[in-house]
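These notes concern the structure reproduced below.
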Amino acid sequence: MIEVFAIGGYSEIGRNMSALRTRGGTVILDAGLWLEKVIEYENGNISELSTEKLWEMEAIPDDREFFKKYGNEVKALICTHAHLDHCGAIPMIAPKYNVPVIATPFTIEVIKKLFEDRGSGYDKLIRLNPGSSYDLGDGIKVHFIYATHSTPQTVIVCIETKDGRVIYANDFKFDEYPALGKRTDYEKLKKFGKEGVKLLISDSTRIDRESRTHSESLVREMLKDILFWVESKGNLIILTTFSSHIARIKTMIELVRRIGREPILAGRSLANYVECAERVRLVNFSKENKVVGYRNEVNKVLKKINKDRGKYALICTGNQGEPNSVLVRIASDETPLKLRENDIVVFCSEVIPSPINQANRSELERRLRNKKVRIFKDVHVSGHAYKEDHRALLQMLRPQHYLPTHGTLQKIAKAVELANELDYELGKSAHILQNSQKLVIK
């Protein structure tokens with residue numbers, strides 16, 4: 001018998017946390033933030049908030065009841081990737097279970113940073129490379145399957161148990177031409193599919209989009225088209241994207257240098273993610289590019305940019321209009337860098353569809369327009385699988401049971417509609433859970 005506990009992420013997009021209980025023991029899958037609840041803190045930096053306050057804000061998964069009943073059975077916490085909606089709650093969740101946290105090297109470095117932000121550490125962090133396996137004992141074995149996504153070293157997790165094989169694919173895409181790293185490991189997925197999969201748990205974040213997700217390589221062409229075309233002599237160029245999107249930042253740096261400008265990277269979360277990527281030798285941005293995170297350092301380089309606007313291109317935080325981000329502070333005249341008419345701002349992102357994000361971004365764009373800045377938006381492809389990608393995953397694995405997560409009820413319902421097209425039946429082989437509910441598969 002397999003029991004799945006929906007602790008977080010089954011009623012919203014974010015604060016992902018599932019638990020899998022079998023005869024060999026229990027494992028936790030992800031422990032993330034609900035970023036919408038902490039948006040006033042730059043890129044989810046909530047280091048000064050207590051766990052109790054975060055529960056009160058509904059910013060982290062509420063595992064209190066689960067911990068009381070099953071906490072002593074948990075063998076490990078497995079994290080799929082370095083986005084905060086999957087790993088941001090680990091410093092608050094993992095210590096009380098006192099179990100290993102298993103993740104890829106880049107993700108572990110990000111988790112270490114999160115502990116450091118809270119003034120603590122954790123001595124049970126285990127690095128597991130994509131393509132590798134880890135034996136937890138009692139018939140439970142963990143396999144990391146390489147997957148493309150919008151942050152490095154993302155994995156789909158296969159958990160072998162005495163009660164069957166479970167695949168946890170909570171954020172992935174099928175990118176044939178990734179800008180950094182390899183393609184998703186289709187062969188490994190097909191192999192597990194042939195051997196038999198009891199349950200697939202996968203995200204539903206973009207399953208309501210009728211297509212497949214485009215390759216990150218298209219963003220290079222979109223951004224190149226703008227930067228090589230736009231008349232920018234003497235004008236400021238600002239680029240902004242998600243701080244964790246190391247592949248896209250790499251593209252930005254390369255193209256900025258091709259137009260003869262010197263890139264400068266600014267913002268606390270951006271500097272943190274770059275440092276983590278450099279620690280595991282994924283990139284070496286700081287060797288030839290200035291990277292600054294703390295406010296006094298940021299203001300110092302912004303003052304330098306302001307004196308020679310045509311020499312530099314600023315790559316900074318603020319793509320969602322987050323309060324206290326670098327771009328918002330620039331647009332609010334809170335820095336030494338002053339915007340002028342015909343300066344250029346390129347948003348290499350889309351707006352995350354939550355009311356708070358939409359309001360923040362709208363206000364940022366209003367401020368930019370008031371300064372007569374030229375705005376280029378939606379230079380972006382998603383890091384999440386669309387409907388046809390999910391269809392392909394289901395056809396590769398042919399799981400006996402399907403459980404969508406990481407979405408609102410409307411998105412999860414769309415996932416079940418797709419499953420129905422593939423002959424799954426709601427309540428028998430396709431399932432809907434909401435937070436705090438449990439699924440039992442015999």
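Given that just one value was derived from the coordinates, which of [x] 38, 23, 20; [y] 41, 32, 22; [z] 51, 23, 17 is semi-axes √(5λ) of the Cα gyration tensor in Å? Among [x] 38, 23, 20; [y] 41, 32, 22; [z] 51, 23, 17, the one calculated here is [x]. For a straight C-alpha distance cut-off of 16 angstrom, the aspartates and glutamates reachable from LYS371 (same-chain residues fewer than eight places away being disregarded) are ASP333, GLU334, GLU341, ASP343, GLU363. Rg and Dmax, both from the Cα atoms of the range 217-376 and both in Å, are 14.5, 42. Would any residue of the range 395-409 have its amide N under 18 Å from a label point 7 Å out along Cα→Cβ of ARG209? List them or say none. Under cut-off, by backbone N: 405-408. Couplings 3J(HN,Hα) of the range 114-130, computed from phi: 5, 5, 4, 4, 8, x, 9, x, 8, 9, 10, 9, 10, 8, 10, 5, x Hz, in residue order, whole Hz [Karplus 6.51 cos²θ - 1.76 cosθ + 1.60, θ = phi - 60°; x for Gly and Pro]. For LYS173, what is the net charge nearby, where nearby means another residue's Cβ is under 12 Å from its Cβ and Lys, Arg count +1, Asp, Glu -1? Within the 12 Å Cβ shell, the charges total -3. Relative to the Cα centre, the charge distribution of the chain, modelled as +1 at Lys and Arg Cβ and -1 at Asp and Glu Cβ, gives a dipole magnitude of about 1040 debye. Compared with the dominant principal axis of the Cα atoms in the chain, helix 409-421 is inclined by about 60°. Each peptide in 314-324, 287-297, 331-341 receives the mean, over its residues, of other Cβ atoms within 10 Å, and ordering these scores from highest gives 314-324, 331-341, 287-297. Summing Cβ point charges (Lys, Arg +1; Asp, Glu -1) relative to the Cα centre of the range 37-187 gives a dipole of roughly 380 debye. Prolate is the label for the range 305-362. Its Cα gyration tensor axes, ordered a ≥ b ≥ c, give a/c of at least 1.5 and a/b above b/c. Dipole of the chain computed with +1 at Lys/Arg Cβ and -1 at Asp/Glu Cβ about the Cα centre; of THR213, ASN289, ASN360, farthest Cα towards the positive end is ASN289. Inter-part distance, the range 277-350 to the range 171-185, computed on C-alpha centroids, equals 28 Å. The packing ranking, built from the mean of other Cβ atoms within 10 Å per residue, places the peptides 276-282, 225-231, 140-146 in the order 140-146, 276-282, 225-231, highest first.
Amide H contacts for THR405 (H built 1.01 Å from N in the peptide plane; partners 5 or more residues away or on another chain; cut-off under 5 Å): SER202, ASP203, SER204. Distance between the pseudo-spin-label points of GLU334 and LYS372 (7 Å out from Cα toward the beta carbon): 2.6 nm. Just check the range 306-425 against the gyration tensor rule for me: Cα atoms, a ≥ b ≥ c as the square roots of the eigenvalues, rounded for a/c under 1.5, and otherwise prolate or oblate depending on whether a/b exceeds b/c. Prolate is the answer for the range 306-425, as a/c is 1.5 or above and a/b outweighs b/c. About its Cα centre, the dipole of the range 368-442 is roughly 640 debye, where the only charges are +1 on Lys and Arg Cβ and -1 on Asp and Glu Cβ.
Straight-line reach from LYS411: taking Cα to Cα under 24 Å and skipping same-chain neighbours fewer than 8 places apart, the lysines in range are LYS37, LYS173, LYS198, LYS387, LYS428, LYS438. Computed from phi, the 3J(HN,Hα) profile of the range 62-69 under the Karplus parametrisation 6.51, -1.76, 1.60 (θ = phi - 60°) reads 8, 9, 4, 5, 4, 4, 4, 7 Hz, with x in place of Gly and Pro.
So, by mean Cβ neighbours within 10 angstrom, what's the order for 404-413, 25-34 with the highest one leading?
25-34, 404-413
What shape does the range 267-327 take by its C-alpha gyration tensor, where a ≥ b ≥ c are the square roots of the eigenvalues and a/c under 1.5 counts as rounded, a/b above b/c as prolate, and the rest as oblate? Here the range 267-327 falls in the oblate category. For the range 345-376, trypsin sites (Lys or Arg not before Pro) meeting the loop criterion (DSSP other than H, G, I, E, B) and having at most 13 other Cβ atoms within 10 Å: LYS372. Taking the centroid of alpha carbons for each part, the range 397-442 and the range 52-128 are 26 Å apart.
No value in this document is a laboratory result; all are computed from the given coordinates. Please read these numbers as outputs of a predicted model, since none were measured by experiment. Cβ: placed from backbone, ideal geometry, glycine included. Neighbour counts: every protein chain shown.
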